[in-house]
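Q: Starting off with a structure, shown below.
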Amino acid sequence: MTSASFQVPASEDTAEPLLELHFTACADRLKLIRDSIRATARMCGFDDGTAQSIVLAVDEACQNIIVHGYGERGEGVVILGLYRCDAGILVRLRDFAPRVDPAKVKPRALNDIRPGKLGSHFMSAIMDTVEFRPGPEGKGNLLEMTKHTGEPQ
Amino acid sequence: MSKSGTKSGKPQQEPSVVHLAGSVDLEHAPGVRKMLLDAVALGRNVLVDLSAASYIDSSGIACLIEALQKARSAGSDLGLVAVSIQAMRVLELARLDMVFPIHDDIAAATAAGA
């Protein structure tokens, strides 16, 4: 495990850190984090259905790290940070896998019915913003996603 | 799946029924895929009961799409029955609710010729 952790991004300097989880990038850990994401989304003011959708978006982002990020290189570390911000929830996912080219993380056309490539669609359809960045100090990747409650703050 | 699925089929042309329960996710996708493809290989129509599927993600959806395509290329079909609210939300998000035949229950699917 790494000792790395997040700093609240400058653009979200009012964001309140609610949860930070470090987990090994393997499929059997995802169930462990889903309940925490759901509960945190509810704490940020989302209804059950939207909270469940946020769970799906974050779960899909984690799957991308497991399958495409670390992939055959084996298990790596993922750090999930959840923040309550004025507009809703901010999700930060950090990994230490090779740099991802955001241009290659594109969903397939939905009328192109075939297995796979739906995770990115779910992320962009559910969340209001999805942004891939290089990891701090040039190591790994940092994914930031936000979802707004739509309620006046 | 947090619980293993079960598969049952009867002779003649009654559909094979696959029950998926719990989490149909990345962890369980290999087993789900095998179960679905085994059912398709029987050569009958396949009905997938999702009433107890508490969670489904893109990995689970990919298994369903692959099985659907293999079924149709073999001259049979694959339908979904008793789709849970969570699973239906995901299918709608992927606009697959217009691709899979969806039935309220096994009886309705059978009556519809599935």
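Q: Arrange A:Ile89, B:Ile61 by Cβ neighbour counts within 10 Å, fewest through most, would you?
A: Exposure proxy ranking, most exposed first: B:Ile61, A:Ile89.
Q: Calculated from DSSP H runs of 4 or more alone, at -39500 (n - 2.57) each and per residue, what is the 222 nm mean residue ellipticity of the protein assembly as shown, nearest 500?
A: Taking each H run of at least 4 residues, the total per residue is -9500 deg cm²/dmol.
Q: Compute the helix-to-body angle for B:58-73: its Cα long axis versus the longest principal axis of chain B, expressed 0 to 90° and rounded to tens.
A: So the inclination is approximately 20 degrees.
Q: Related question: Which of B:Asp97, B:Asp104, A:Asp101, B:Asp77 comes first, and how do the rest follow, when ranked by fewest Cβ neighbours within 10 Å?
A: Going from least to most buried by this count: A:Asp101, B:Asp104, B:Asp97, B:Asp77.
Q: Over the Cα atoms of chain A, Rg to Rh with Kirkwood Rh, two decimal places?
A: 0.94
Q: Sequence-distant or interchain residues sharing an amide H contact under 5 Å with B:Leu47, placed H: which?
A: Long-range HN contacts for B:Leu47: B:Ser16, B:Val17, B:Val18, B:Gly79.
Q: Something else: For region A:74-113 and region B:14-62, what is the centre-to-centre distance using only Cα atoms, to the nearest Å?
A: Spelled out, the Cα-based centre of one part sits 27 Å from the other.
Q: Here's another thing I want to ask about it. Summarise the partner chain shielding of A:26-32 as one whole number: the mean count of Cβ atoms from other chains within 10 Å of each residue's Cβ.
A: 4
Q: Then there's this: Of A:Lys104/B:Lys34; A:Lys104/A:Lys139; A:Lys31/B:Lys70; A:Lys106/A:Lys139, which ones are farther than 26 Å apart at the Cα?
A: Those over the limit are A:Lys104/B:Lys34; A:Lys31/B:Lys70.
Q: Can you pull the percent of Cα pairs in the protein assembly as shown with separation above 31 Å?
A: 29
Q: List A:His121, A:His68 from most exposed to least, where exposure is judged by having the fewest other Cβ atoms within 10 Å.
A: By the 10 Å Cβ count, ascending: A:His68, A:His121.
None of the figures in this text is laboratory data; all of them are computed from the coordinates on show. Computed from a predicted model, the values in this text were never measured in an experiment. Ideal geometry is used to build each Cβ from the backbone, glycine not excepted, and the neighbour counts take in all protein chains shown.
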